[in-house]
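Below is one structure, written out as structure tokens, with a few remarks after it.
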Amino acid sequence: MNLKQLSSSKKGQLWLCCGILAVVWIVLIVRFGSAWLGDLPDKKKIANAQKEFEKISREYEKIRVEDAEARSVRKRYRNLAASAWLVSVDGGVETALRRKISDISEKLDFKLSSIGSVRVGRINPEFIYADIDIQGAGELDDLIRFLAGLADIEPKLAWRRLDLRPDNRFRRSTGAGSANLAAQLNNVPVTRLNFSGTLRVLVYEGKLTAKDLNITRTPVENVPVAVEEKESVPAEKAPEAPQQPTVTKGAEK
């Protein structure tokens with residue numbers, strides 16, 4: 001059967017088309033087959049891709065951890081600023097801090113023998129601290145109420161130093177004619193104490209406002225900022241955490 005007879009029938013035409021298509025495929029494979037085979041991933045390429053993926057995953061995890069730490073630091077910073085003294089809310093610290101302490105003293109009828117001036121020192125460009133010395137004496141129950149009143153002041157105050165000593169002038173012996181008065185005094189319960197200490201408050205002077213910090217405490221009204229020269233003390237690296245009061249034992253002579 002020649003080509004003319006083959007192309008005259010439908011079956012022959014089909015076979016002829018299949019033959020031509022096969023020839024075309026062979027030509028394409030010969031011409032472009034090496035490029036196609038080169039694009040197919042082999043074991044080496046797959047291993048390299050896996051290594052690259054692991055490297056990118058480690059870098060992503062590192063960035064994710066650093067971002068979480070940055071967010072945590074930013075949150076702690078905002079919380080610290082929100083808990084600090086803010087002049088726009090709490091008034092000038094040199095004047096308002098003394099007034100807050102005096103108000104607690106008058107409210108609880110606890111007389112203070114001394115309220116010192118406020119001393120300030122800079123911690124960094126956005127934070128300063130303010131210290132104030134107070135001194136007084138009173139019955140143990142009254143003193144506890146006064147200390148509790150100071151603990152309720154907003155923003156919170158921290159004790160840098162607190163000394164408590166028995167006031168021996170108000171201790172009386174229970175026996176008569178004893179030669180060892182000191183021994184008698186040691187057996188008499190302490191009902192009155194002398195105390196002195198230094199209170200500290202952290203003051204925020206940054207750009208964030210009370211609205212930015214979500215401060216909800218009521219602003220202090222008509223508290224002027226002190227015009228007297230500030231008494232500076234050496235700056236510290238970071239604000240100290242509130243310390244537990246230390247009680248000094250032993251009677252005064």
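The values are calculated or read from the model by the stated rules, or taken from the named source; none is laboratory data. Treat the numbers as computed from the prediction; the structure is a model and nothing was measured. FYI the Cβ positions are ideal-geometry reconstructions off the backbone, even for glycines, and counts take in every protein chain you see. These accessible areas exclude ligands, DNA and RNA; they are computed on the full protein's heavy atoms, side chains included. Shrake-Rupley method; radii C 1.70, N 1.55, O 1.52, S 1.80 Å.
Here residue 209 qualifies as at pLDDT 90 or above, assigned to a loop (DSSP other than H, G, I, E, B), within 26 Å of residue 74 (Cβ to Cβ) and hydroxyl-bearing (Ser, Thr, Tyr). For the structure I just gave you, tell me whether residue 104 is at pLDDT 80 or above, part of a helix (DSSP H, G or I) and open to solvent by 50 Å² or more (accessible area, probe 1.4 Å). Considered against the rule, which asks whether it is at pLDDT 80 or above, part of a helix (DSSP H, G or I) and open to solvent by 50 Å² or more (accessible area, probe 1.4 Å), residue 104 comes out as no.
Considering only the stretch 43-81, state which residues are in contact (Cβ under 8 Å) with a residue 40 or more places away in the chain and either open to solvent by 100 Å² or more (accessible area, probe 1.4 Å) or aliphatic (A, V, I, L, M) (or both). 80, 81 - these are the residues of the stretch 43-81 that are in contact (Cβ under 8 Å) with a residue 40 or more places away in the chain and either open to solvent by 100 Å² or more (accessible area, probe 1.4 Å) or aliphatic (A, V, I, L, M) (or both). Here is the figure for the stretch 107-121: residues that are part of a strand (DSSP E or B) and open to solvent by 10 Å² or more (accessible area, probe 1.4 Å) total 6. Put simply, of 142, 133, 90 the only residue that is of a type outside the set (A, V, I, L, M), touching a Leu at 6+ places or on another chain (Cβ under 9 Å) and modelled with pLDDT of 95 or more is 133. Scanning the stretch 97-114 for residues that are within 17 Å of residue 158 (Cβ to Cβ) and aliphatic (A, V, I, L, M) returns 97, 101, 104. Checking each residue in the stretch 41-90 for being of a type outside the set (Asp, Glu), farther than 16 Å from residue 201 by Cα and outside any helix (DSSP H, G or I) picks out only 41. Note on the stretch 122-151: residues that are open to solvent by 50 Å² or more (accessible area, probe 1.4 Å) and under 21 Å from the mean Cα position of the chain (by Cα) total 5. Among residues of the stretch 151-162 that are touching a residue at least 24 places away in the same chain (Cβ under 8 Å), those with a Cβ under 7 angstrom from a residue that is among the polar types (S, T, N, Q), sequence gap 6+ or separate chain, pair up as 155/83; 156/83; 158/243; 159/243; 160/198; 160/243; 161/198; 162/246.
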